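Report on the following structure.
The values are calculated or read from the model by the stated rules, or taken from the named source; none is laboratory data. Bear in mind that the values here come from a model prediction, so they are computed numbers and not experimental data. FYI the Cβ positions are ideal-geometry reconstructions off the backbone, even for glycines, and counts take in every protein chain you see. Note: accessible area is taken over every heavy atom of the protein model, side chains too, but ligands, DNA and RNA are not part of it. Shrake-Rupley method; radii C 1.70, N 1.55, O 1.52, S 1.80 Å.
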Amino acid sequence: MNVGDLVPAPWLRAALGAFAEDVRALGPVLDVGCGPGTVTAHLAGLGLDVSGVDLSPRMIAHARRLHPALRFAIASATDLHLAEASLGGVLGWWSLFNLPRTVLPDVLASFARALVPGGQLLVGTHVGDGDIERTEVYGMPVTWTTHLWQPQQLAGLLSQAGLQPVAELRLPPTPAAPSAPALPAQVVLAARRPS
C-alpha cells in the first residue's frame with residue numbers, strides 16, 4: 001500500500017493542482033504531517049518549492065529515502081514556530097484530524113499567520129460527528145483518535161483564524177477494497193489570508 005497514493009484519486013489531484021496553481025508564485029509551501037512524502041513530491045512535481053514535516057521519525061526517514069531531493073524534518077504541527085508571512089501555502093492533508101479539538105484552532109491560527117497575503121491553507125479531513133478510536137491503519141498497529149468534523153465546523157475554524165474561503169470539495173464515503181480501508185465521507189477546504 002502506497003500511503004497517500006493519488007493515482008486512484010483524480011478529484012484530490014485536481015484540488016492539489018488548483019492549490020499549486022494559486023500559490024506557486026507566492027513563496028514556499030509547507031506540507032504539515034507529510035507522512036512518507038507522497039503528496040509533498042506530487043506538489044514538487046507541480047512546480048512548488050515545498051518541504052514536509054511530520055511528527056514520526058520513521059515517516060520522515062521513509063520520506064527522505066523515497067524523495068531524496070526534497071526537504072523533510074521531524075516536527076509537530078503544534079510546535080512549528082512559523083515566521084509571520086513566510087509561506088505561500090500550507091497543506092494539512094489528512095494530517096490534522098488527530099489533533100485534539102481544543103488544539104486545532106490555535107494550530108490553524110499559526111498557519112494563517114505564517115501565510116503571506118493571498119497565501120492559502122488547504123486542509124483535507126474525514127467528515128462526520130464524534131471520534132473514531134483507531135488501532136490499525138493500512139495493516140499497521142496504531143493508537144490514535146480520528147476526530148471527525150462537519151465541513152461547516154471546519155470552515156468556521158478557518159474563518160476564526162482569519163482566513164477567507166476559496167473552495168470546498170466534498171467526497172462521499174468509500175467502501176473497503178482489497179488494497180484500501182473503508183473511508184468515511186471526506187472534505188477538502190481551501191482558505192486564503194486576505195490581501
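May I ask you to list the residues in segment 159-195 that are within 17 Å of Leu6 (Cα to Cα) and among the polar types (S, T, N, Q)?
Scanning segment 159-195 gives Thr174, Ser179, Gln186.
Let me spell it out: the conditions are (1) in contact with a Lys or Arg (Cβ under 6 Å, 6 or more places away or on another chain); (2) modelled with pLDDT under 95; (3) open to solvent by 40 Å² or more (accessible area, probe 1.4 Å), and Trp94 meets all of them except one. Which number is the exception?
So the condition that Trp94 fails would be (1).
From the list Leu12, Leu16, pick out the single residue that is closer than 23 Å to Pro172 by Cβ, touching a helix residue (DSSP H, G or I) at 6+ places or on another chain (Cβ under 8 Å) and touching a residue at least 60 places away in the same chain (Cβ under 8 Å).
Answer to the selection: Leu16.
Restricting attention to segment 97-117, and to residues there that are part of a helix (DSSP H, G or I) and either open to solvent by 10 Å² or more (accessible area, probe 1.4 Å) or in contact with a Phe, Trp or Tyr (Cβ under 6 Å, 6 or more places away or on another chain) (or both), which single residue is farthest from Leu55 (Cα to Cα)?
Per the criteria, the residue is Arg113.
Can you find a residue that is assigned to a strand (DSSP E or B), open to solvent by 20 Å² or more (accessible area, probe 1.4 Å) and not aromatic (Phe, Trp, Tyr) anywhere in segment 158-165?
Taking every residue of segment 158-165 in turn, at least one turns out to be assigned to a strand (DSSP E or B), open to solvent by 20 Å² or more (accessible area, probe 1.4 Å) and not aromatic (Phe, Trp, Tyr).
Being open to solvent by 40 Å² or more (accessible area, probe 1.4 Å) and either within 30 Å of Ala177 (Cβ to Cβ) or at pLDDT 95 or above (or both): is that true of Ala77 here?
no
For the structure I just gave you, tell me whether Leu169 is closer than 30 Å to Glu84 by Cα, in contact with a helix residue (DSSP H, G or I) (Cβ under 7 Å, 6 or more places away or on another chain) and either free of Cβ contacts under 8 Å to residues at least 12 places away in the same chain or not in a strand (DSSP E or B) (or both).
no
Restricting segment 118-157 to residues that are in a strand (DSSP E or B) and among the small types (Gly, Ala, Ser), which is surrounded by the most Cβ atoms within 10 Å (Cβ to Cβ)?
Selected residue: Gly119.
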